[in-house]
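A short reminder: the numbers here are calculations on the coordinates, not readings from a lab. Keep in mind it's a predicted model, so treat the numbers as computed, not measured. Note that each Cβ is placed from the backbone with ideal geometry, even for glycine, and that neighbours are counted across all protein chains shown.
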Amino acid sequence: MKKTLVLLALSLLMLYPVFAAGANEKPQIVAEKQVVTLKISHNMDFTTIPEAVVDAAERVNARYAKEGKNIRIAFEKDYQTIDWTEYQNNIVFAHKIDDAPDIFAMSDPAGLMKAGLLLDLTDMVKANSSKFVNNVFTPVTENGKIYAFPPDLPVRVIYYNRNGLKAIGWNDADIKALPGKIQSGVFKFEDFLALCQEVVAKGGAKYGLTHRPGAGADFLDILNVLGGQYYDEKGTLVFDEKGLTRFFQMTYDNANVTKITPQNLNQMGWTTINTMVGTGDSFAYYGPIYSCSYVASAAKLTNEQFAAQEEFVLFPASKYSAKPFVVAAPQYIGISAKTKYPEICLDLFAELANGSADLLARHAAKINSLSSVVAANDDPQIAANPIIKDIAYLADYAITVPTIYGIANYRSELFKQIVALELGQTTPAKAVADMKVQIQLNVKDVIYK
Amino acid sequence: MKGKDLQGYAFLSPFLILVSIFYIAPAILTIIMSFSSLDGAFLWEFVGFENYGKIFRDPNTFLILRNTILYIVISMAIIVLLDLFIATLTTYFIKSDGWASFFKSIIMIPMITPSVVYSVLWIWYLDASDSGFINSFIRFFDTDFVSVNWIAKYPFQVIIIAQVVVSLAYGAIIFSSAIRSIPDNQFKAAHVDGAGEWEIVKTIIIPNIRPHIKFIIMWETLGLMTNYLNILLITNGGPLNRTEVWALSAYHKAFIDQQYGYGAAISVLLILVVFMIMLLWMFASKSKKEGEE
């Protein structure tokens, strides 16, 4: 009996810490918050985008605490610098194995929309519609549903170097008046090409007009300037022979006749072209405004120095197009359709459009872009940016392009022909015919005109 | 089946399993994919023979096929001839082992250089701008020289030379070893008979290393058919499609245009051709063996 009592006492003694610990744990569970870890993924340089989301989460956490919600948002970050196609493929594969990031950057929203991998943001956007700049969701809207969030509003524009104009004898008043003349439609694209020629002829620059050395949407803007159409109101790809012929003729002439574009431009690397633009060797350039940070850096200029020499203007109207314009080309981030926390992710995006618009302004100022959120555009960070402080008016002329299926193929074929035209290895008529065959072969649902 | 055979197969089986997993299964998947319209959304929609039809309707197909054949035949001919030349020179004519090894080491440099570095060097050499190496070099002697856009003007020649330089070492070393294994008394007998050096090369060296020449031809053909890395990095198949070859075209369709189904169909045709060449090779080797027996 004694033995039994001793054993019982010992057992109770051993069990005490277990119960004691259990008793302490209970209030700890109540005090500890449920940590929701979201995976956020980004590609390439502009990490101010995911960082805006991460910082907005801190504010949402504070709000949840005030509201007595027992949730704390944390992040697992995955920032990469790989080819965009490869990155987006990885996003698709991650969805297939149920390991997709909750929030991620994307290069081709159309592909992800088609695959049904993006969460529908329509209700959140509608609830905050007054907070956004008009039409920023057009490229990611399908059948009335919105699938991605634009953290910025970079526009594609024409840049030119004011020093080039000074060098050919323009006075300050004339130089200052030129953007206004383009804006009013008095100074047309044909005049601009003639100006590029004049600058080269009079020694104001080595080259008149340059562009990116790879396939991209910038060329489509010039096609638009020349009255060429590449999509209809439903977002169907349009093959506009007359418009393309005009564009190809201009491309050929610029490199082979007027020689304002170097014939070997497409064999040069980005750094060479950026340096040419930054140093004024190239008078004008067309492309996204955020490229100017690369241009300034290649020419070893600060943003302030670059802004002092460079003008950013609308794509002028031409004989074939009625109005000047810029193209708004926001980057997009999306929420996975497979996320376990759709409400929280939507709350984060809503926070960015409201109380955390300054975080988007921080990103926009960093990449020299306007913002998709109205309040961000009024933020001092954007107002103080030397590149964008004087060009807010461009937003009034911004057009947005819808999702166009087959556009990647169109851009790739267009660029192939541009390379050959600039080298003088094909003719505009042949380029149009060859491109048409490839589009007929590779893209379904195209309108030919 | 004999016990020895069984043992052999047992030892081979792990490799066969690995080959099945990493080669045969993906090849079957590629064949299945070639009948789909798989694109960037990665949704499997089967379209029958549409991708194959597209290959034959595409006017660029003939050009790409022509480029591929020319690229293989010209590169291979130059590679084999230069391999023979270098091997004979460094093994038969240069008697000093030290010098022979030195020359062989030099020609090995492009082979052991990563393709990206090698291609960047070529791009820098042939840069179209005034600061390009060759343009600057010529301008050093001729101040009026106008810079040439070498890669755009002579793209096919550029990719062939680049490929030849990188491929030289392998064949040269194989031939060199083969020449070294020719019994010395054959050369001595030829010298006693008063044979000239060219005659020795023609009647002793080449016949003795014929199997090695055949092997290198086969090896280079398969390599040139499937390897497109240097072309991708130097010309990317351009300008237009002037240097687009079959394997590169599969890459472009699949990974640039994101038409994975179409790219797979192009790859399947390539696999078929490679397979047929291998069968022909096996058949020819077997016939020769039987003839000898």
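Once the mean 1/r over all distinct Cα pairs of the range B:171-226 is inverted, what Kirkwood radius in angstroms do you read off?
Working: mean 1/r = 0.0811 Å⁻¹.
After inverting the pairwise mean of 1/r, the radius is 12.3 Å.
What trypsin sites (Lys or Arg not before Pro) does the range B:1-104 have in DSSP loop regions with at most 12 other beta carbons within 10 Å? Spell out each step's value before the answer.
Details: sites: B:LYS2, B:LYS4, B:LYS54, B:ARG57, B:ARG66, B:LYS95, B:LYS104; in loops: B:LYS2, B:LYS95.
Passing sites in the range B:1-104 are B:LYS2, B:LYS95.
What length, rounded to one decimal in nm, is gained on full extension from A:LYS338 through to A:LYS242, with 0.36 nm per residue of separation minus their alpha-carbon distance? Before the final figure, lay out each step's value.
Numbers: separation 96, 0.36 × 96 = 34.56 nm, distance 4.48 nm.
Length gained, A:LYS338 through A:LYS242: 30.1 nm.
Please compute, for peptide B:35-43, the average count of beta-carbon atoms on other protein chains lying within 10 Å of each residue's beta-carbon.
Numbers: counts 0, 0, 1, 0, 6, 12, 10, 9, 5.
Neighbouring Cβ atoms belonging to other protein chains average 5 per residue here.
For every helix of n ≥ 4 consecutive DSSP H residues, a contribution of -39,500 (n - 2.57) applies; sum these over chain B, divide by its total residues, and give [θ] at 222 nm rounded to the nearest 500 deg cm²/dmol.
That comes out to -22500 deg cm²/dmol.
So for the pair B:ASP193, A:LYS300, with labels modelled 7 Å out along Cα→Cβ, what separation do we get in nm?
7.1
With a ≥ b ≥ c taken as the square roots of the eigenvalues of the C-alpha gyration tensor of the range B:222-293, please select rounded if a/c is under 1.5 and otherwise prolate if a/b is larger than b/c or oblate if it is not? Write down the numbers at each step before the final one.
On the way: a/c = 4.53, a/b = 2.31, b/c = 1.96.
Prolate.
Near the amide H of A:PHE239, under 5 Å away, which other amide H atoms are found, from residues 5 or more places off or on another chain, if H is placed in the peptide plane?
A:ILE447, A:TYR448, A:LYS449
Can you tell me the alpha carbon radius of gyration of the range A:342-398 divided by the globular rule-of-thumb value 2.2 N^0.38 Å? Don't skip to the answer; put the middle values down first.
Working: Rg = 12.1 Å, N = 57, 2.2 N^0.38 = 10.2 Å.
Working it through for the range A:342-398, the quotient is 1.18.
Based on the Cα atoms of the range B:104-193, what semi-axes does the equivalent ellipsoid have, where each is the square root of 5 times one gyration tensor eigenvalue, given in whole Å with the largest first? Walk me through the numbers before you get to the answer.
On the way: eigenvalues 313, 56, 23 Å².
Semi-axes (√(5λ), whole Å): 40, 17, 11.
How large, in Å, is the protein assembly as shown by the Kirkwood hydrodynamic radius built from its alpha-carbon pairs?
Working: mean 1/r = 0.0328 Å⁻¹.
Here the Kirkwood hydrodynamic radius works out to 30.5 Å.
Along Cα→Cβ, 7 Å out, is where each label goes; now give me the distance between the ones at A:LYS323 and A:ASP98 in nm to one decimal.
5.0
What is the helix-to-structure angle for A:428-442, meaning the angle in degrees between its Cα long axis and the longest Cα principal axis of chain A, kept from 0 to 90 and rounded to the nearest 10?
The angle comes out at about 30 degrees.
Relative to the Cα centre, what is the charge dipole magnitude of the protein assembly as shown, using +1 at the beta carbon of each Lys and Arg, -1 at the beta carbon of each Asp and Glu, and rounding to the nearest 20 debye?
Numbers: 62 positive and 68 negative charges, 207 e Å.
About 1000 debye.
Calculate the all-directions average of the projected area of the range B:200-251's alpha-carbon convex hull, and give it in nm².
On the way: hull surface 19.1 nm².
Orientation-averaged projected area of the Cα hull: 4.8 nm².
So what is the relative contact order for the range B:34-292, in percent, with contacts set as C-alpha pairs under 8 Å and at least six apart?
Contact order relative to length: 30 percent.
Relative contact order of chain A, please, whole-number percent, based on alpha carbon pairs below 8 angstrom and at least 6 residues apart. Can you show the working numbers first?
Numbers: 766 pairs, mean separation 107.6, N = 449.
Worked out over chain A, it gives 24 percent.
Whole-Hz Karplus ³J(HN,Hα) for the range B:260-267, in order, using 6.51 cos²θ - 1.76 cosθ + 1.60 and θ = phi - 60°, x for Gly and Pro?
3J(HN,Hα) across the range B:260-267, in whole Hz: 5, x, 5, x, 5, 4, 5, 5.
Show the residues, 5+ positions off or on another chain, whose built amide H is closer than 5 Å to the amide H of B:LEU240.
Those lying under 5 Å, H to H, from B:LEU240 are A:ALA420.
Computed over the Cα atoms of the range B:34-292, what is the ratio Rg over Rh, Rh following Kirkwood? It would help to have the intermediate numbers written out before the result.
Values: Rg = 22.5 Å, Rh = 21.2 Å.
Here Rg/Rh amounts to 1.06.
Show me, for the range A:37-51, the HN-Hα J-couplings you get by feeding each phi into the Karplus relation (A = 6.51, B = -1.76, C = 1.60, θ = phi - 60°), rounded to Hz, glycine and proline as x.
Taking θ as phi minus 60°, the curve returns 9, 9, 8, 10, 10, 9, 10, 6, 5, 7, 6, 5, 5, x, 5 Hz for the range A:37-51.
Of A:LYS96/A:LYS126; A:LYS114/A:LYS436; B:LYS214/B:LYS289; A:LYS39/A:LYS96; A:LYS206/A:LYS300, which pairs sit farther than 23 Å apart, going by alpha carbon to alpha carbon?
Where the Cα-Cα span goes over 23 Å, the pairs concerned are A:LYS96/A:LYS126; A:LYS114/A:LYS436.
How many angstrom lie between the C-alpha centres of the range B:120-135 and the range B:1-48?
If we compute the Cα centre of each part, the gap is 43 Å.
Check A:ILE146: other-chain or 5+ apart residues with amide H under 5 Å from its amide H, H built from backbone geometry?
A:LEU121, A:THR122
Using θ = phi - 60° and the Karplus curve 6.51 cos²θ - 1.76 cosθ + 1.60, what whole-Hz ³J(HN,Hα) does each residue of the range A:305-320 get, with Gly and Pro shown as x?
5, 5, 4, 5, 9, 10, 10, 10, 10, 5, 5, x, 5, 9, 4, 10
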